[in-house]
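All remarks here apply to the structure that follows.
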Amino acid sequence: MKLRKVTAASAVVLALAVTATACGSDNKKDSGSSGSGGGKITVGIKFDQPGIGQKTPQGYAGFDVDVATYVAGKLGYKPDQIQWKETKSAERENALSRGDVDFIAASYSITPARQQKVDFAGPYLLAHQDVLIRADDNAIKSPSDLNSKKLCSVTGSTSAQNVHDKLAPKAQLQQYPTYSACLTGLQNKAIDALTTDDSILAGYASQAAFKGKFKLGGFKMTNENYGIGVKKGSDLKAKINTALEAMVSDGSWQKAVDKNFGPAQYKNEPAPKIGNIVS
């Protein structure tokens, strides 16, 4: 009888120990998900922009990938704890509001309309709308020289239309399905220039297949302040800003610029100050 009492008591102790262990495991998992050494962080990037954000057979590459990896590291996550998620332009705000991603670094220009829906850390890069032309083309020296020229942009983009409406009304607009298709047309002289953000153009021109074949016009037709998007009200904004400041101060930011855009001889702007949105 006494033996049965002891056994029953032991069973209770054992059950409590198992419960405590299980609770401890859950707490550790929750703690890890907030960046204390365990769990994962989900980061939204582009998968199809060479030099910016690209999924390759070897992994993920590009300036935004390097920036996001550095930021995640400052938040307490190692590279193998980063879960990369493709976030196309039209889905960025939704991905943040739904909680599909923790933050987005995807050539994400800060605009008043977007700031109504999400918060932005940064900016971490000041880009400009520009044109890419053949390296041996000396006829296009200013936006007005695009008059009567065949100007390419990707279907759905407003870049070429902006140039046509404001700077070169006689430009012949050509819409191609992808930037790669525009580049092929530029190389084959089917078109005369390609327009979008200079950082994106530099990323494409830096590809091994196109190295030395194209050059940027350097026209700086618009200001594009790239920021890191977070959910509205997220405390990540302040932490990411601190990480971005550290990336600039220790030289990692410039190294990332040189690595991803250097082959296109991209003349980047200095690293912007946090909160300084250039209109």
Notebook entry, point to check: When DSSP beta bridges are limited to those with both residues in the stretch 82-221, what percentage is antiparallel, rounded to the nearest 5?
Noted result: 50
Next item on the list: Amide H neighbours of Q49 under 5 Å, at least 5 residues apart or on other chains, H built in the peptide plane: list them.
Entry: Q54, K55
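What accessible area per residue, rounded to a whole number of Å², is obtained for the chain using a probe radius of 1.4 Å? Kindly include the intermediate steps, with their values, before the conclusion.
Numbers: 14310 Å² over 279 residues.
On a per-residue basis, the chain sits at 51 Å².
Just for the stretch 38-115, what percent of DSSP beta bridges are antiparallel, to the closest 5? Please list the in-between numbers first.
Numbers: 5 of 12 bridges.
Approximately 40 percent, going by the DSSP bridge assignments.
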Next item on the list: Round to the nearest 10 and give me the degree value, 0 to 90, for the angle of helix 2-33's Cα axis relative to the longest principal axis of the chain.
Entry: 10
Next item on the list: Would you kindly derive the ³J(HN,Hα) couplings of the stretch 193-205 from the backbone phi angles with the Karplus curve 6.51 cos²θ - 1.76 cosθ + 1.60 (θ = phi - 60°), listing them in order in whole Hz, with x for Gly and Pro?
Entry: 7, 10, 10, 5, 4, 5, 5, 5, 4, 5, x, 5, 5
Check: For the stretch 69-112 and the stretch 140-178, what is the separation of their C-alpha centers, rounded to whole Å?
Finding: 31
Next item on the list: Provide the solvent-accessible area of K237, counting protein heavy atoms only and rolling a 1.4 Å probe, rounded to the nearest 10 Å².
Entry: 80
Notebook entry, point to check: Accessible area of S142, 1.4 Å probe, to the nearest 10 Å²?
Noted result: 40
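Cβ neighbours within 10 Å, averaged per peptide: list 216-222, 45-51 in order, most packed at the top. Let's see the in-between values first.
Values: 216-222: 17.7, 45-51: 21.6.
The packing order, highest mean first, is 45-51, 216-222.
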Checklist line | Extension gain from V278 to K255, taking 0.36 nm per residue of separation minus the Cα-Cα distance | finding: 6.0 nm
Checklist line | the chain: antiparallel DSSP beta bridges as a percent of all, rounded to 5 | finding: 60
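Looking at this model, which pairs from K189/K259; K150/K211; K150/K189; K78/K239 are more than 18 angstrom apart at the alpha-carbon?
Details: K189/K259 29 Å; K150/K211 22 Å; K150/K189 9 Å; K78/K239 16 Å.
K189/K259; K150/K211, as the Cα separations exceed 18 Å there.
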Notebook entry, point to check: Rounded if a/c is under 1.5, else prolate if a/b beats b/c, else oblate: with a ≥ b ≥ c from the C-alpha gyration tensor eigenvalues square-rooted, which is the stretch 56-151?
Noted result: prolate
Item checked: Estimated inter-spin distance, R114 and S148, nm [label 7 Å along Cα→Cβ] -> 3.8
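If you take the square roots of the eigenvalues of the alpha-carbon gyration tensor of the stretch 134-279 and sort them as a ≥ b ≥ c, do you get rounded (a/c under 1.5), prolate (a/b over b/c) or oblate?
Details: a/c = 2.25, a/b = 1.71, b/c = 1.31.
The shape class here is prolate.
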Item checked: Carbon/sulfur fraction of accessible area - the chain, other protein chains in place, 1.4 Å, % -> 52
Check: For P(r) over Cα pairs in 10 Å bins from 0, in percent, which listed value, (i) 6, 26, 29, 18, 8, 5, 4, 2, 1, 1, 0; (ii) 7, 29, 34, 22, 8, 1; (iii) 5, 24, 33, 23, 8, 3, 2, 1, 0, comes from the coordinates shown?
Finding: (i)
Item checked: Hz values of 3J(HN,Hα) by residue in the stretch 101-114 - Karplus curve (6.51, -1.76, 1.60), Gly and Pro given as x -> 9, 7, 7, 10, 10, 8, 6, 9, 6, 7, 10, x, 5, 5
Checklist line | For the stretch 208-219, 3J(HN,Hα) per residue [Karplus equation, 6.51 cos²θ - 1.76 cosθ + 1.60, θ = phi - 60°, Hz, x = Gly/Pro] | finding: 3, 5, 10, 4, x, 8, 10, 8, 7, x, x, 7
Next item on the list: Note down the nm distance, to one decimal, between modelled labels 7 Å out along Cα→Cβ at Q175 and at A135.
Entry: 3.3
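The values are calculated or read from the model by the stated rules, or taken from the named source; none is laboratory data. Predicted model only: the values in this text are computed from it and were never measured. Neighbour counts run over all protein chains shown; Cβ positions are idealised from the backbone, glycine included. Side chains are part of the model used for accessible areas, which takes the heavy atoms of the whole protein and leaves out ligands, DNA and RNA. Shrake-Rupley method; radii C 1.70, N 1.55, O 1.52, S 1.80 Å.
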